[in-house]
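A.B. asks: The structure under discussion is supplied below as structure tokens; questions concerning it will follow.
Just so it is clear, none of the values below were taken in a lab; they were calculated from the coordinates. Every value quoted in this text rests on a predicted model; they were computed, and no experiment measured them. Positions of Cβ are backbone-derived with ideal geometry, glycine not excepted, and every protein chain shown enters the neighbour counts.
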Ligand code: C2E
Ligand code: MG
Ligand code: MG
Ligand code: MG
């Protein structure tokens, strides 16, 4: 963002900044329309037990296809949604849609699984979030333990004292929390200990070269050991190969998620995947 000089309103952009802000505005306007027209979609990626290969959860991930702009990644549009304030209505839509989907899967006979929903830092800090979560769960008559809220490590550590209160509130309502992209932020272990979290999600950047990079091996081993000694579960993100799977299992990682099992899927395809009830590890 260009800085505006306070006194004379003088503003200057480099060509790259200008190109970026034009694109941002274009995406922001299109996103506003997409929200109003209900054009966002959720895909679901399986989360699997590393112990017995059972399906235990689904991470809900936003997908957006715009007729003019094409597919836009959440990595691009989530920050724009945060800057423009759209994130609160998008976040509420994601919560409601993911839980409504879970309810309908259960009603159709699928064994209950956990639905994991990503929270933006802004959504997490918004005062009405805990009540909103309870209201949606009540409306759908779903027990709170079917919901897991994923918060990135950097969002949790941004204001850890405030985060403790919010997590206590959500935990009191029976909702689980996990720390996403763990290892990429700056965790203070003394705060981590005070967070009411259930699971650490080991960032995929550590998993990618795990078969060849001794330092990544050491990091993943250390995170799993630390998590377990704090009574937390672990899930490895971005598992794409059998050798990555073998390594994280050898370190007693609890759960796995990644293209090796499945890409994020539209709801109907996720349901087909779930119905093939089997050991999904091999
Ligand atoms: P994340 O929550 O860490 O999600 C994991 C990302 O890794 C997803 O990208 C997923 O499609 C991708 N992924 C999963 N398995 C593999 C694999 O084996 N290999 C590789 N290379 N990638 C894999 P996606 O869907 O593009 O989402 C990117 C980020 O956007 C998410 O990272 C999350 O931070 C954010 N995001 C997505 N949906 C939402 C949402 O509903 N709300 C909020 N606040 N953020 C969201
Ligand atoms: Mg996530
Ligand atoms: Mg992640
Ligand atoms: Mg991420």
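A.B. asks: Multiply the residue separation of residue 71 and residue 190 by 0.36 nm, subtract the distance between their alpha-carbon atoms, and state the gained length in nm to one decimal.
C.D. replies: Details: separation 119, 0.36 × 119 = 42.84 nm, distance 4.08 nm.
Length gained, residue 71 through residue 190: 38.8 nm.
A.B. asks: On a 0 to 90° scale, report how tilted helix 214-229 is relative to the longest principal axis of the chain, with both axes built from alpha carbons and the result rounded to the nearest 10.
C.D. replies: Orientation of helix 214-229: about 80 degrees from the principal axis.
A.B. asks: Right, here's the next one. Along each of its three principal axes, how wide is the spread of alpha-carbon positions in the chain, in whole angstrom units, largest first?
C.D. replies: 64, 45, 37 Å, listed from the longest principal axis down.
A.B. asks: Now for a separate question. Sort 194, 263, 199 so the one with the fewest other Cβ atoms within 10 Å of its own Cβ comes first.
C.D. replies: On the way: 194 14, 263 11, 199 24.
Exposure proxy ranking, most exposed first: 263, 194, 199.
A.B. asks: When the Cα centres of the range 39-76 and the range 240-260 are compared, how far apart do they sit, in Å?
C.D. replies: Value for the Cα centre distance between the two parts: 19 Å.
A.B. asks: Now for a separate question. How do 54, 193 rank when sorted from fewest to most other Cβ atoms within 10 Å of their own Cβ? Walk me through the numbers on the way to the answer.
C.D. replies: On the way: 54 14, 193 10.
Ascending number of Cβ neighbours within 10 Å: 193, 54.
A.B. asks: Given the range 108-216, what percent of its DSSP beta bridges are antiparallel, to the nearest 5? Each step should come with its number before you reach the end.
C.D. replies: On the way: 0 of 12 bridges.
Taking every DSSP beta bridge within the range 108-216, about 0 percent pair in antiparallel fashion.
A.B. asks: Next question. Taking only Cα atoms and a 10 Å spring cutoff, compute GNM fluctuations for the chain and point out the largest among 57, 258, 85.
C.D. replies: Result: 85 has the largest fluctuation of those listed.
A.B. asks: Taking the 0 to 90 degree range and rounding to the nearest ten, how far is the long axis of helix 129-140 tilted relative to the main principal axis of the chain, both from C-alpha atoms?
C.D. replies: It works out to around 60 degrees.
A.B. asks: Separation between the residue 173 and residue 35 pseudo-spin-labels, each 7 Å from Cα along Cα→Cβ, expressed in nm?
C.D. replies: Going by the 7 Å Cα→Cβ label model, 2.0 nm.
A.B. asks: May I pose another question? How would the range 99-217 be classified by its alpha-carbon gyration tensor: rounded, prolate or oblate, with rounded meaning a/c under 1.5 and the a/b versus b/c comparison settling the rest?
C.D. replies: On the way: a/c = 2.65, a/b = 1.35, b/c = 1.97.
Oblate, because a/c is 1.5 or more while a/b does not exceed b/c.
A.B. asks: Rounded to the nearest 5, what is the percent of antiparallel bridges among the DSSP beta bridges in the range 47-135? Write out the running numbers ahead of the final one.
C.D. replies: Values: 5 of 9 bridges.
Of those bridges, close to 55 percent are antiparallel.
A.B. asks: Still on this model: Distance from the Cα centre of the range 133-151 to that of the range 188-203, in angstrom?
C.D. replies: Result: 21 Å between the Cα centres.
A.B. asks: Any idea how far apart residue 17 and residue 259 come out in nm if each label point goes 7 Å out from Cα toward Cβ?
C.D. replies: For residue 17 paired with residue 259, the spin-label model returns 3.7 nm.
A.B. asks: Pull up the DSSP beta bridges for the chain and report the antiparallel fraction as a percent, rounded to 5. Walk me through the intermediate numbers first.
C.D. replies: Details: 17 of 39 bridges.
Just about 45 percent of them are antiparallel.
A.B. asks: Oh, and also: As I understand it, the value is the acute angle between the Cα axis of helix 160-172 and the longest principal axis of the Cα atoms of the chain; what does it come to in degrees, rounded to 10?
C.D. replies: 50
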